[in-house]
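See below for the structure under consideration.
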Amino acid sequence: SNRSETSTSDNTETYQESASSGHPTFKCPLCQESNFTRQRLLDHCNSNHLFQIVPVTCPICVSLPWGDPSQITRNFVSHLNQRHQFDYGEFVNLQLDEETQYQTAVEESFQVNI
């Protein structure tokens, strides 16, 4: 099984809990250094772990309401560069589940005047 042994609380604050205090912080799953914002984690990993390919759980993904702590990312730095170039909290309502947000986006797309 590819289940992670690390709990969500060990890896990160959730976006929901830290929204009032600014940006959430994360622990690097490759070296355990902590207190990174999303952007600082991205920069840290690109500078220090670019060629380190180790299966880990993404602390940013786990922090999201729909995050799955058992989901393993095989190439963490590549995953960061592909999936975490922006803060989700600025673009989605983190109080809603992923399916509800998808449905809302589809409904809103029908109301756009072209």
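Take every pair of alpha-carbon atoms less than 8 Å apart whose residues are at least six positions apart; their mean separation over the length of segment 38-112 yields a relative contact order of 30 percent.
Inter-label distance, V92 to A105: 0.7 nm, where each label sits 7 Å from its Cα along the C-beta direction.
Quick note: the coordinates plus some simple rules give every number you see, no bench work behind them. All of these numbers come straight from a predicted model, not from anything done at the bench. Note: ideal-geometry Cβ built from the backbone for every residue, glycine included; neighbour counts use all protein chains shown.
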